[in-house]
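Asker: Would you mind keeping the following structure in view while I ask a few things?
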Amino acid sequence: MQTQEEIKQLEAIIQESLAEAKKQGATSASSGLSVDTGLSVNVRLGEVDTIEHHRSQGLGVTVYFGQKKGSASSTDLSLNSIKETVTAACSIARYTNDDKYAGLPDAKRLATEFKDLELYHPWQLDADDAVDIAIRCEDSARQYDAEISNSEGAAVDSFESLHVMGNSLGFLHGYASTRHSISCSVLGERDGNMERDYWYSVARDQKNIEDAAQIGTKAAERTIKRLGAQQLSTRKAPVLYSAEIAGSLIGSLLSAISGSSLYRKSSFLLDSLDTQLFPEFMNIYEQPHLLGALGSAMYDSEGIATQAHDIIKDGTLKTYLLSSYAARKLGMESTGHAGGVHNLCVQSGEQDFTQLLQTMNTGLLVTELMGQGVNPVTGDYSRGASGFWVENGIIQYPVEEITIAGNLKDMFQHIVAIGNDIDIRGNVRIGSVLIEEMAIAGE
């Protein structure tokens, strides 16, 4: 009940800012407001490292004088500060050039239904309890094996957020959400060589977080497996992206089909609608209304209603990802993707991780990527990597200091399989991805 009262108070601030914008002559306006509170605890080597209580708030106001746009923000929510923020936005707008694509979204596309997506699950956690959980997590990792030589620590984070937005078209809505996580990172040493790895679990509801001891054990297990890493000679071979990093491949796709990349002509997928980009078994779709999921939302950052989308259907690109501004520049309709996608799901096959290794037979399992070596204009791809060399479907030894390279168009076309080991800890839900062949640069 207290949360609903707070949302009502924040809605009143939004309404005040919109009324002030109209009073100062703006032809239209939008406002967004968020208040975040949280607790972060870090421990290292069994001792408390930091305890932080967080509270932040921010108001953002955008005004339009016809096609002239101005924006300003403030962390002060007093009436006087709201007025000053609106004044600043209006002053900016009066001095900007007309942009015929600027303006609020289509009123008919704004969300009018606000289903409870079960995003709010407060965790009654005090600092002492959080410290106990973090220590239990780290102890589990440190006690896993004698070769675990040091620790970068364990962390427990719990955050609550209130988000409210509105515009002069009559849209006004607010909601509460939570996000909780436990993580651990440790170092292992063998023959004078050190490796590190980590594990984490995150969820809206703390009941859905993995047990702290299991997180620590998994971090340690992953670290031990990396000890004794070797380099590979330069070669071409199949590559299997583990589920926790496979989302980066889809991230490159999303960037390439986003409106800003397209209207700037900085995408290797220009004019690719209804083009087959992937094998026919590939389906990538959006489910923005999954209950309790990390990416769920009833509307995008403009207030346009979200809906289920087929992004890739039978291997073919079915939609771009467009905000209202991008859509106008491209002569298209907004797809409700201002601010990005919501719960993107990559349809998995029937094979689990072990079966994917057997399908690959001999090749490289990649478990970590480094660097930002993706050219968005050409699709050329080159990233530092580490992982494991696999022969006859069985992991042989860890590898490091290698680079994997290809072109994203070619990589997409030559995906062989998607595993059913789906990682749901983010906005892209995907299993391990097996690519037929890539270049591997090593010794």
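We did not get these values from a lab; they are worked out from the coordinates using the rules stated. Every value quoted in this text rests on a predicted model; they were computed, and no experiment measured them. For neighbour counting, all protein chains shown are included, and Cβ atoms are generated from backbone atoms with ideal geometry for every residue, glycine included.
Asker: Looking at the stretch 366-443, which trypsin sites (Lys or Arg not before Pro) are in a loop (DSSP not H, G, I, E or B) and have at most 12 other Cβ atoms within 10 Å?
Answerer: none
Asker: How high is the FRET efficiency between residue 51 and residue 124 when r is their beta carbon distance and R₀ equals 25 Å, given to the nearest 0.05?
Answerer: Using R0 = 25 Å, I get an efficiency of 0.90.
Asker: Hey, another quick one. How large is Rg/Rh for the stretch 2-226, to two decimals, with Cα atoms and a Kirkwood Rh?
Answerer: Here the Rg-to-Rh quotient is 1.16.
Asker: If eta is 1.306 mPa s and T is 10 °C, what Stokes-Einstein diffusion coefficient results for the stretch 210-313, Kirkwood Rh from Cα pairs, in µm²/s?
Answerer: D, rounded to a whole number, is 88 µm²/s.
Asker: Report, in whole Å, the centroid distance computed from the Cα atoms of the stretch 5-43 and the stretch 273-335.
Answerer: The distance from the Cα centre of the stretch 5-43 to that of the stretch 273-335 comes to 28 Å.
Asker: Same structure, new question: Can you pull the one-decimal nm distance between simple spin-label points at residue 285 and residue 211, each 7 Å off the Cα toward Cβ?
Answerer: With each label placed 7 Å out from Cα toward Cβ, I get 3.6 nm.
Asker: Rounded to the nearest 500, what is the chain's calculated 222 nm mean residue ellipticity when only DSSP H runs of at least 4 contribute -39500 (n - 2.57) each, over all residues?
Answerer: For the chain, the value works out to -7500 deg cm²/dmol.
Asker: Also: Of 163, 188, 70, which is farthest on the positive side of the dipole of the stretch 2-226, counting Cα position, with +1 on Lys and Arg Cβ, -1 on Asp and Glu Cβ, and the Cα centre as origin?
Answerer: Value computed over the given set: 70.
Asker: So, one more: Where the centre of each part is set by its Cα atoms, how far does the stretch 342-398 sit from the stretch 58-114, in angstrom?
Answerer: Here the answer is 44 Å between Cα centres.
Asker: How large is log10 I(q)/I(0) at q = 0.14, 0.16 Å⁻¹ when the Debye formula is applied to the Cα atoms of the stretch 344-443, each weighted equally and without solvent?
Answerer: Rounded to two decimals, the profile gives -0.56, -0.75.
Asker: Given an 8 Å cut-off on Cα distances and at least 6 residues of separation, report the relative contact order of the chain as a percent.
Answerer: Over the chain, the number comes to 14 percent.
Asker: Going by how many other beta carbons lie within 10 Å of each one, how would you line up 423, 314, 116, fewest first?
Answerer: In order of increasing Cβ crowding within 10 Å: 116, 314, 423.
Asker: What do you get for Rg/Rh of the stretch 246-376 when both radii come from the Cα atoms and Rh is the Kirkwood radius?
Answerer: Rounded to two decimals, Rg/Rh equals 1.00.
Asker: In sequence order, what are the phi-derived ³J(HN,Hα) couplings for the stretch 285-295 according to the Karplus relation 6.51 cos²θ - 1.76 cosθ + 1.60 with θ = phi - 60°, rounded to whole Hz, with x for glycine and proline?
Answerer: Couplings: 9, 10, 10, x, 10, 5, 5, x, 7, 5, x Hz.
Asker: Okay, moving on. To the nearest 10 degrees, how steep is helix 79-95 against the longest Cα principal axis of the chain, on a 0 to 90 scale?
Answerer: The angle comes out near 90 degrees.
Asker: A further question on this structure: Among 12, 155, 29, which one moves the most in a GNM of the chain with springs linking Cα atoms closer than 10 Å?
Answerer: In the Gaussian network model the winner is 12.
Asker: When DSSP beta bridges are limited to those with both residues in the chain, what percentage is antiparallel, rounded to the nearest 5?
Answerer: Percentage antiparallel, nearest 5: 95.
Asker: I've got another one for you. Once both axes come from the Cα atoms, what is the angle between helix 2-23 and the longest principal axis of the chain, in degrees from 0 to 90, rounded to 10?
Answerer: On a 0 to 90 degree scale, this one is about 50.
Asker: Quick check: the angle from helix 243-256's long axis to the longest principal axis of the chain, C-alpha only, nearest 10 degrees?
Answerer: With rounding to tens, the tilt is 40 degrees.
Asker: Taking the Cα centroid of the stretch 173-219 and of the stretch 115-155, what is the distance between the two, rounded to the nearest whole Å?
Answerer: 7 Å
Asker: So which lysines pass the test for residue 207, namely a Cα distance under 20 Å, with those fewer than 8 places away in the same chain ruled out?
Answerer: 218
Asker: Of all alpha-carbon pairs in the chain, indicate the percentage at a distance above 39 angstrom.
Answerer: The calculated P(r) of the chain puts 31 percent of pairs beyond 39 Å.
Asker: Ratio of alpha-carbon Rg to the 2.2 N^0.38 Å globular estimate for the stretch 130-194, to two decimals, please.
Answerer: 1.91
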